[in-house]
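Below is one structure, written out as C-alpha cells, with a few remarks after it.
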Amino acid sequence: MRSVIELILAIVATIVVLMLIGLFLPGGGQGHVERSIIIERPPSHVFDILNSFKRFNEWSPYAKHDPAASYSFEGPESGQGAMMTWSGNKEVGSGRFEIIESTPTSMVKMIQRIQDGYTGTTAFSIGTTDLGVKVTWSYDVELGANPIERIKGKYLDSSIGGDYQYGLMRLKALIESSAYARDYSDIAITQVEMIPGPALKMPGLVEVYSARDFPDLNAGVADTMKKLQAFVDRNKLNVTGPARVKVNLKERYRLAFDVILPVDRTEGLQLPDGMEATETAGGQALVAEHVGERRKSNVTFEKLQAYATVRGLVFDPAQKAIEEILPDREAPKAPDADPGTSMDAADGQAAADEAAAGEDAEEEKIMLEVTRVYLPLGLPAPPVDPAAPAADAPAAAAEPAPAGG
C-alpha cells in the first residue's frame, strides 16, 4: 500500500514540476518556426506565387502528407482577402489560410486557423541579396497558459521546421524551372479579351547590306501602312483600331513582318497583289505597353511570358508577339528645381528673366515610341485531318470480311 501511495505522490510531483517548468519557461507562451532559402529569380516572381493560393499545392510541403486532401477557395484570386480551406487526414488536419496583408515584392502575411487547434500567423518576407532573393517563411503562435502546450511549443521548430524547409526547396525548384526570368514589376500588365474583326493584311520585308546598319522596322511598317491607307482611302473604308504588327522573321540583316489593319468591312473588295482579307486575333491575352525603341519591344514580350508562367497561365511558347503601333508620347519632364531660400535677389531676377524669355521660345520636346504588346493565351487547336470523319458523323459500317478469310 505504501508503495502505491509513493507512486501516486511521485506522479503528482512530476506533474507539478512539469507545470512549474511550463509556467516559468522563458517565452513559453509563444511558438516560433523560421526557415529561409535563396531563389535566383526576381522578387516579383516569388511574390506573385506566394500572394495567391492558385499554385499552392505545386510547392506546399503538405501535399506529400495527404495527396488526397481537398481544397476550396474564396475571395479574390490574390492579395488581401484571398482564402483557402483544406481538409485532409489526421496528419494534415483541417483549417483555413487567409491573406491579411501583402506588400508587393517584399512581404505576404496570412492567418492560419487550424480546426480544433491554434490560430497562428504565417509570414513570408522577401529580400534581395548578392546571391538572389532571400525568402524567409515564419510561423508564430500563442500557446496560452497551458504548461503542457508551452513545453510542446519548445519542440515546435523541430517538429515542423523540416516541412518548412522542404516547402521552400520545392518553391525554389518551381520558380527556377521557368525559362522566362524577366522582372516584370516595372510595367502594368492586364489580361484582356481580344475581339476578332475584319482586317486587311499586308506583308513587309526590311533588308540591310552593311554591318553598320540594322533593319529599321519603323520604316518598313510606315511604308507598308502607306499602301494600306491608300487602299482604305480609295475604297472609303473606316479604320476601326490601331494597326497590328506581327514579326515573322528576325535576323541580323532581315526583318519580315505582317501589318494587320482593322477595318469596318472586307467583303466585295478587289484586293491588289500582296494584300489579303483576314481577321484580327481573338481570345484571351496579356497586354502591356512598351515605351521606348520599338525594336526592343521583345523585352516587354519576354516580361509577359514570365508573368504568364509565374501565374500558371497557358500560352504557346512558339507564339509571336502581336503589337499595336500607338502615337508617339512626350517623355516626362524632369521636375523643376526648387529655387530654395538661399537664392539672392540678383539670382532670382536673372532666373525670372530667363523664364520669361523661354516662354517665347518653343521648347524642344522629346518623343518616345509607344508599342502595345500582346501575348495570346491558350494553345492552338490541333490541326484537323481532312480525311478524318466529322465528330458528329455516324461511324461507317465495317466492311464484311472476304469469304473464307
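The values are calculated or read from the model by the stated rules, or taken from the named source; none is laboratory data. All values derive from a computational prediction rather than experimental measurement. Neighbour counts run over all protein chains shown; Cβ positions are idealised from the backbone, glycine included.
Could you please find all residues in segment 189-234 being more than 34 Å from the chain's Cα centre (by Cα), in a loop (DSSP other than H, G, I, E, B) and of a type in the set (Val, Ile, Thr)?
Across segment 189-234, the qualifying residue is only Val208.
One line per residue, one yes/no per condition, for (1) at pLDDT 95 or above; (2) buried (at least 20 other Cβ atoms within 10 Å of the Cβ); (3) assigned to a loop (DSSP other than H, G, I, E, B); (4) small (Gly, Ala, Ser):
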residue	(1), (2), (3), (4)
Glu34	no, no, no, no
Ile38	yes, no, no, no
Val46	yes, yes, no, no
Lys54	no, no, yes, no
Tyr62	no, no, no, no
Ala68	no, no, yes, yes
Gln80	yes, no, yes, no
Met84	yes, yes, no, no
Glu91	no, no, yes, no
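From Val245, Val208, grab the single residue that is buried (at least 16 other Cβ atoms within 10 Å of the Cβ), in the same structural domain as Ala318 (by TED's automatic domain parsing) and either at positive phi or in contact with a strand residue (DSSP E or B) (Cβ under 9 Å, 6 or more places away or on another chain) (or both).
Val245
Among the listed residues Leu326, Leu237, identify the single one that is free of Cβ contacts under 8 Å to residues at least 40 places away in the same chain and outside any helix (DSSP H, G or I). Give the steps one after another, and end with the answer.
Details: Leu326 fails: free of Cβ contacts under 8 Å to residues at least 40 places away in the same chain.
Testing whether each residue is free of Cβ contacts under 8 Å to residues at least 40 places away in the same chain and outside any helix (DSSP H, G or I) leaves just Leu237.
Take the residues in segment 117-175 that are over 19 Å from Trp59 (Cβ atoms) and touching a helix residue (DSSP H, G or I) at 6+ places or on another chain (Cβ under 6 Å); name whichever of them is modelled with the highest pLDDT.
Leu143
Here are some conditions: (1) at pLDDT 95 or above; (2) exposed (fewer than 10 other Cβ atoms within 10 Å of the Cβ). Gln305 meets all but one. Which one does it not meet?
Looking at each condition in turn, Gln305 falls short on (2).
Restricting to segment 217-235, what's the tally of residues that are surrounded by fewer than 18 Cβ atoms within 10 Å (Cβ to Cβ), of a type outside the set (Gly, Ala, Ser) and either within 19 Å of Asn298 (Cα to Cα) or in contact with a His (Cβ under 9 Å, 6 or more places away or on another chain) (or both)?
Total meeting the criteria: 1.
Residues Ala199, Ala243, Ala222: which one is small (Gly, Ala, Ser) and at pLDDT 95 or above?
The conditions single out Ala199.
Mind listing just one residue for me: the one in segment 256-297 that is in a loop (DSSP other than H, G, I, E, B) and of a type in the set (S, T, N, Q) and, of those, farthest from Met202 (Cα to Cα)?
Filtering segment 256-297 for residues that are in a loop (DSSP other than H, G, I, E, B) and of a type in the set (S, T, N, Q), the one farthest from Met202 (Cα to Cα) comes out as Ser297.
Please go through (1) over 29 Å from the mean Cα position of the chain (by Cα); (2) surrounded by fewer than 20 Cβ atoms within 10 Å (Cβ to Cβ); (3) modelled with pLDDT under 95 for Asn238 and return the number of the only condition it doesn't satisfy.
Result: Asn238 fails condition (3) only.
Is it true that Arg254 is in contact with a Pro (Cβ under 7 Å, 6 or more places away or on another chain) and either surrounded by fewer than 17 Cβ atoms within 10 Å (Cβ to Cβ) or within 17 Å of Ala318 (Cα to Cα) (or both)?
So Arg254 passes the test.
Does segment 100-109 contain at least one residue that is closer than 17 Å to Glu142 by Cα and in a strand (DSSP E or B)?
yes
Pairs under 9 Å by beta carbon, first residue touching a residue at least 12 places away in the same chain (Cβ under 8 Å) and closer than 21 Å to Arg311 by Cβ in segment 280-297, partner among the acidic types (Asp, Glu) and crowded, with 21+ Cβ neighbours inside 10 Å, six or more apart or different chains?
So the pair list comes out as His290/Glu323.
I'd like the full set of residues that are surrounded by fewer than 18 Cβ atoms within 10 Å (Cβ to Cβ) and either in contact (Cβ under 8 Å) with a residue 60 or more places away in the chain or touching a Pro at 6+ places or on another chain (Cβ under 9 Å) (or both), limited to segment 93-117.
Pro104, Ser106
So, of the residues in segment 308-342 that are small (Gly, Ala, Ser) and surrounded by 15 or more Cβ atoms within 10 Å (Cβ to Cβ), which turns out to be modelled with the highest pLDDT?
Of segment 308-342, the ones small (Gly, Ala, Ser) are 308, 312, 318, 321, 331, 334, 337, 340, 342.
This time we only want the ones that are surrounded by 15 or more Cβ atoms within 10 Å (Cβ to Cβ), so: 308, 321.
Values: Ala308: 96, Ala321: 93.
Out of the qualifying residues, it is Ala308.
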